[in-house]
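Every number in this text was worked out from the coordinates using simple rules, so none of it is lab data. Keep in mind that what you see is a predicted model, and the values were worked out from it rather than measured. For neighbour counting, all protein chains shown are included, and Cβ atoms are generated from backbone atoms with ideal geometry for every residue, glycine included.
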Amino acid sequence: MALHNINYFHWHLTEDQGWRIEIKKYPKLTEVGSYRKETITAPGSGKFDGTPVSGYYTQEDAKEIVAYAAERFITVIPEIDMPGHMQTAVSLYANVSCFPQKEAPMNISSPVCPGKESALEFCKNVYDEIFRLFPSEYVHLGADEVSKKNWEKCSDRQKRMKVNNLKTEEELQSWFIHQMEQYFNENGKRLIGWDEILQGGVSPTATVMWWQSYEKEVVKKSIAQGNSVILCPNYDFYLDYSEIGQSTRLICESVSLLDSLNESQSKQILGVQGNIWGEFIPSRERMHYMAFPRLLAIAETGWSQAANYNWKSFQRRMTGQFNRLDALGIDYCMADLEGFCNTNTFIGETKVNVISPDPDVVIHYTDDGTEPTEKSAVYTTPISIRDSASFAFRAYRPNGKSSKVFHASYKK
Ligand code: ACM
């Protein structure tokens, strides 16, 4: 991160599925809440892998990470996600949710009850310890994807709405966020929230983190209201999403929306962020593979003038960065081979054309259905064919690192 001038580490520490930071006042959060029996195999699949998961960071671990980051000029922004995604907490402590909640760690987005003083007290007590651990001025409240089903049935929440003249569940959510923001401010902190904090009204001092790509008005609306914004639209900036080599291009091009902002509006964009959710990332190597080189494209957008975004120029420089990543032992995703489709059709005669944007690779290929290796034929110039054929290509870097296999069939 430091090598590429990435200067904030936003650390999402809690979810329905697990609580990952020690809170001394509420020891069950990690003693019980950092363990789960199994994990869903893919979002929405309904299938579970049968493998237990556990683990959390002690407060000493967190301090060590904050200090390690600070030495590299990186500020750690902690997030305890609320009022939703609190299943772990609400199942372990009484009077935090509307109704007693049991187990069911896959009960996604179970919220705290904004109607109960005991729930607000719980949230503030948790943040008291977080504020002491993390010197960052910015702190992230979360506030995404709040399920409001329980709120609709709860008498405490009804009382709260009546007293405060709140008409909708969105306004109640907004009321909770304002309460927490006030508490943040009293403690010298500034609040960041996911873009759902716009629902029901948000104070102009909060920073909005745009994550829902499909909510296209977030940036415009936030800026008009005077809010600062951080950009991480999920389709392009979520590094746990499928690693398509071309997505460095999407990252560079997605921020072209900033072209239309004037100078003062541009100042309301605080930066960009790449999000990587660890749930389906089983190892450090896999994390590296998902994050690189896309993280370099994110750094590029963060540190370039909007008028200067140029993916072609980035791509040329990116392959130079591969040598550095090799030296650092980072298992990045190599550049995709280009110039062909999976299935190609032709009449008469055609040429099989393969291009790598990385000038340091050697491309090996086969046409007999076997997987290419470093012993296979080397591709140097376009191959002429007169009959149907199928090719498999693989690029090799000078250190032996190889790309995935690219298939191209040519049908006459
Ligand atoms: C999010 O990805 N739910 C912020």
Counting all C-alpha pairs of segment 251-292, share separated by more than 11 Å (%): 74
Loop-resident sites, segment 17-96, for trypsin sites (Lys or Arg not before Pro), counting at most 13 other Cβ within 10 Å (DSSP): LYS24, LYS25, LYS37, LYS47, ARG72
Counting DSSP beta bridges with both ends in the chain, the antiparallel % (nearest 5): 45
Choice from ILE40, ILE23, ILE330 with maximal GNM fluctuation in the chain (Cα, 10 Å cutoff): ILE40
Cβ-derived FRET efficiency at R0 35 Å, ASN165 paired with SER260, nearest 0.05: 0.40
Rounded if a/c under 1.5, otherwise prolate or oblate - segment 213-318, Cα gyration tensor axes: oblate
On Cα atoms only, tilt of 294-303 relative to the major axis of the chain in degrees: 70
Isolated Cys residues of the chain, judged by Cβ distance under 4.7 Å to other cysteines: CYS123, CYS232, CYS252, CYS333, CYS341
GluC sites (Glu not before Pro) within segment 105-173: DSSP coil, no more than 11 neighbouring Cβ in 10 Å: GLU137
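Based on DSSP H runs of at least 4 residues, each adding -39500 (n - 2.57), what is the mean residue ellipticity at 222 nm of the chain after dividing by all its residues, to the nearest 500 deg cm²/dmol?
The per-residue figure over the chain is -9000 deg cm²/dmol.
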Sparsely packed chymotrypsin sites (Phe, Trp or Tyr not before Pro) within segment 137-226, loop by DSSP, other Cβ within 10 Å at most 14: TYR214
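Checking the a/c ratio against 1.5 first, then a/b against b/c, what shape does the Cα gyration tensor give for segment 303-384? Could the numbers behind the result be given before it?
Numbers: a/c = 3.00, a/b = 1.53, b/c = 1.96.
It comes out oblate by the Cα gyration axes.
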Tensor-based shape of the chain (alpha-carbon gyration tensor, a/c under 1.5 rounded, otherwise prolate or oblate): prolate
Cα centroid separation, segment 387-410 to segment 141-165 (Å): 55
Label-to-label distance, nm, for residues given as VAL362 and LYS28 (7 Å Cα→Cβ offset): 6.3
Two-site FRET efficiency, PHE99 against SER384, from Cβ-Cβ distance with R₀ of 60 Å, rounded to 0.05: 0.25
THR381, THR373, THR319, THR88 arranged by Cβ crowding within 10 Å, fewest neighbours leading: THR381, THR373, THR319, THR88
Nearest 10 degrees, 0 to 90: helix 117-133 Cα axis against the chain principal axis: 60
Helix axis angle, 59-71 relative to the chain longest principal axis, alpha carbon, degrees: 50
